[in-house]
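Beneath this line is the structure, given in structure tokens, with notes to follow.
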Amino acid sequence: MILDIENFFELESFFHKKIFDNFQHLWTPLEILKAYLKNALLNCKNKNIQIPSTCYIENPDLVFIGENTLIEPYVYIKGPCIIGENSQIRQGAYIRENVITGKNTIIGHATEIKNSILLDDVSAAHFAYIGDSIIGNRVNIGAGVKLANFRLDKKLISFYLNSEKIKTNLNKLGSIIGDDTQIGCNTVLNPATFLEKNIKCMPSLNIGGHISKNTIIKNESSFSVKKITTRVLKNELTSKIEK
């Protein structure tokens with residue numbers, strides 16, 4: 001198996017951990033996500049969940065929302081998807097099809113998620129895009145973070161691991177982010193980015209590839225700060241007195 005799952009996730013408490021069983025690559029769960037949801041939804045029945053009238057749910061028979069989950073006004077949810085218990089789906093969120101979220105998840109304003117798996121206690125609270133990605137436990141996705149999943153040249157996605165080029169044979173693959181990792185605001189993660197457990201990514205970066213656990217990613221470029229000085233120009237009026 002390429003990339004060791006133990007360096008990314010603790011799965012014991014994740015309700016849908018079976019989707020990680022018997023797979024070849026770390027991204028295999030994304031390839032089987034649609035089929036897994038089809039079977040999992042057969043045994044899911046929604047209970048007393050309050051859905052505001054301003055929300056729009058497409059394919060409602062294919063949408064399961066866990067107990068004590070808050071759905072705020074003007075949310076758009078498209079099935080199939082499973083949303084975990086004790087979560088918050090805030091105003092203006094867009095959940096496209098083929099999504100699983102664990103418990104205690106926050107999907108915030110103007111955040112879009114498609115074809116992705118979020119484990120427990122994930123927060124994507126502001127203006128984020130998560131496509132074709134797997135997000136670990138207790139990960140925080142900062143405001144404006146984009147998990148890009150498609151190459152501009154439309155070629156199949158590949159990445160380098162230990163100087164070896166790995167071909168995924170996928171045309172869409174976002175990021176796989178390990179437990180307890182923090183992604184700073186306005187950061188872009190390129191297709192096929194793999195961040196292991198406990199990584200701190202500083203804001204406003206553009207990163208990709210494989211990053212080992214317990215590291216900090218930051219921009220080393222320096223910048224200078226100077227005080228602004230102003231000069232006040234005075235018009236000196238001289239008067240001549242002629243006698």
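Any read-out appearing in this document is the output of simple, stated calculations on the displayed coordinates, not a laboratory observation. Being a predicted model, the structure only gives us computed values, none of them experimental. Methodologically, a virtual Cβ is constructed for each residue, glycine included, from the backbone with ideal geometry; neighbour enumeration extends over all protein chains shown.
Data table
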item: Exposure proxy order (Cβ contacts within 10 Å, fewest to most) of Glu10, Glu220; result: Glu220, Glu10
item: Gain upon complete extension [Asn48, Ser163; 0.36 nm per residue less C-alpha separation]; result: 36.2 nm
item: Label-to-label distance, nm, for residues given as Asn186 and Arg151 (7 Å Cα→Cβ offset); result: 2.9
item: Listed peptides 44-57, 11-24 by packing density, highest first (mean Cβ within 10 Å); result: 11-24, 44-57
item: Loop sites in the stretch 98-199: trypsin sites (Lys or Arg not before Pro), DSSP, at most 11 other Cβ within 10 Å; result: Lys154, Lys155
item: Extended-chain gain in nm, criterion 0.36 nm per residue less alpha-carbon gap, Lys213 and Asn86; result: 42.9 nm
item: Links that overshoot a 29 Å alpha carbon limit, given the list Lys47/Lys213; Lys18/Lys45; Lys34/Lys103; Lys38/Lys172; result: Lys47/Lys213
item: DSSP beta bridge pairing in the chain, given as percent antiparallel to the nearest 5; result: 10
item: Relative exposure of Thr187, Thr28, judged by other C-beta atoms within 10 Å (fewest first); result: Thr28, Thr187
item: Calculated [θ] (222 nm, deg cm²/dmol) that DSSP helices of n ≥ 4 give over the chain, each run adding -39,500 (n - 2.57); result: -1000 deg cm²/dmol
item: Interchain or long-range residues, amide H under 5 Å from Ile217's placed H; result: Lys200, Cys201, Met202
item: Given (1) 23.7, 109; (2) 17.6, 54; (3) 19.8, 61, the label whose value is Rg and Dmax of the Cα atoms in Å derived from this model; result: (1)
item: Length-normalised contact order of the stretch 5-217 in % [C-alpha pairs under 8 Å, at least 6 apart]; result: 13
item: Fluctuation leader among Ala192, Ala35, Ala148 - the chain, Gaussian network, Cα springs under 10 angstrom; result: Ala35
item: About the Cα centre, charge dipole magnitude for the stretch 1-52 (Lys/Arg +1, Asp/Glu -1 at Cβ), debye; result: 520
item: Unit charges on C-beta of K, R, D, E only; dipole of the stretch 5-217, Debye; result: 520
